[in-house]
Amino acid sequence: MADNSRAINRVFTRKVICDLIQGEHNDVFDYVVKRYTIDPETKSNGSLISEIYAYLGKQQRNEYYYMNTLLNKLLDGIHNVNTTTALSQVHIGHSIADFVMINGEGRVYEIKSDLDNFDRLYDQLKDYFRAFTKVSVLASIHELERTKQMLAKFGDMGESVGVYVLSADNTIFNRERSREPKEYPAMLDHSSIFKILRKYEYENVLLNYFGCIPKAKPVFYFRKCLDEFEKIPILDAQKLACQELKKRNRISIETFHSIQPELKAVIYFSGLSQEVPALNKLLQESYRG
């Protein structure tokens, strides 16, 4: 395997974790262990995961590091796993939202890690505001001023965007550096909201609001459901959609708390909660390269 920094980014992915749980050797994991850890033969798999993650934190804070830190802060700190749902890689318009939190309301967090650029920020924010009323940027502390300067150019939309910073000591919600998002419903769009939902979810919304779901031939069914959805007042439609999104990624608080902190995001977002007992057993075992 070529010696490049992308390998370490791939450790915290569903493929690698599933291979390890199933007792299979994974070339990416073995390579990164040998490249970035010390005396791996004397350590458990869990210790090596922590060591690799610590390296990311010091040398190469990627999107996963930001997302995992945010998930730990929100679901293990500020909010409750039983009442809050987090989503990742949500397609909205022509953009993909890094992190969406659904509690009493929906909030989007656009992550700009040390490895990202800001080229598409304006278009990304526009897309997010078509489906959610509160949007924030989570950036590196080194990009704080640049982030604020760019948002200032985006008019009312930019002024409504929240700003959070991942500091050197892994704090995010620092009152001195942070700016809370303001509700900005002006750009909400029925179609953008509707297209986030899965078939059973938009059917639930229509059934909840109208008491029935429309009848149409399969080829016309999606369009018919969207037409009905567009009859719902936009704020009601957005609220009902969030209620459906909140039902995704259900996990017990006991299971969530039992996941090693460095792995919470990959387990949570990959739907691997049923594999946590097997994973925890693996993490306690000695590394066998």
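The values are calculated or read from the model by the stated rules, or taken from the named source; none is laboratory data. Everything numeric here is computed off the predicted structure, so don't read it as measured data. Heads up, the Cβs are rebuilt from the backbone with ideal geometry, glycines too, and the neighbour counts pull from every protein chain shown.
Residue-wise test of (1) over 14 Å from V163 (Cα atoms); (2) modelled with pLDDT of 90 or more.
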site: D98; (1), (2): yes, yes
site: M101; (1), (2): yes, yes
site: Y109; (1), (2): no, yes
site: S113; (1), (2): no, no
>> For the structure I just gave you, tell me whether R223 is of a type outside the set (A, V, I, L, M, F, W, C), out of contact with any Ser or Thr (no Cβ under 7 Å at 6 or more places or on another chain), under 30 Å from A54 (Cβ atoms) and free of Cβ contacts under 8 Å to residues at least 40 places away in the same chain.
In response: no
>> So, in the range 10-22, how many residues would count as being free of Cβ contacts under 8 Å to residues at least 60 places away in the same chain and either crowded, with 19+ Cβ neighbours inside 10 Å or in a loop (DSSP other than H, G, I, E, B) (or both)?
In response: 3
> Mind checking which residues of the range 230-252 are free of Cβ contacts under 8 Å to residues at least 12 places away in the same chain and touching a Gly at 6+ places or on another chain (Cβ under 8 Å)?
Replying inline: none
>> Pairs please, first residue from the range 154-182 and assigned to a helix (DSSP H, G or I), second anywhere and of a type in the set (V, I, T), Cβ atoms under 9 Å, 6+ apart in sequence or on different chains.
In response: M157/V135; S160/T133; S160/V135
> How many residues does the range 97-122 contain that are in a strand (DSSP E or B) and either under 18 Å from E159 (Cβ atoms) or not β-branched (V, I, T) (or both)?
Replying inline: 10
>> Considering only residues that are surrounded by 15 or more Cβ atoms within 10 Å (Cβ to Cβ) and either assigned to a helix (DSSP H, G or I) or of a type in the set (V, I, T) (or both), which ones fall in the range 123-140?
In response: Q124, L125, K126, D127, Y128, T133, V135, V137
> Are any of the residues in the range 87-104 under 14 Å from N170 (Cα atoms) and either crowded, with 17+ Cβ neighbours inside 10 Å or under 14 Å from the mean Cα position of the chain (by Cα) (or both)?
Replying inline: no
>> If the requirement is being at negative phi, among the acidic types (D, E) and more than 27 Å from the chain's Cα centre (by Cα), which of these qualifies: E244, E203, E228?
In response: E228
> Does the range 31-77 hold any residues that are part of a helix (DSSP H, G or I) and of a type in the set (G, A, S), and which are they?
Replying inline: G46, S47, S50, A54, G57, G77
>> Could you check the range 33-49 and list, in sequence order, the residues that are buried (at least 18 other Cβ atoms within 10 Å of the Cβ) and within 16 Å of V16 (Cα to Cα)?
In response: V33, N45, G46, L48, I49
>> Looking at the range 118-140, I want the residues that are within 15 Å of L235 (Cα to Cα) and of a type in the set (S, T, N, Q) and have a partner that is at pLDDT below 95 and surrounded by fewer than 23 Cβ atoms within 10 Å (Cβ to Cβ) with Cβ atoms under 9 Å, at least 6 apart or on another chain. Which pairs are those?
In response: T133/E105
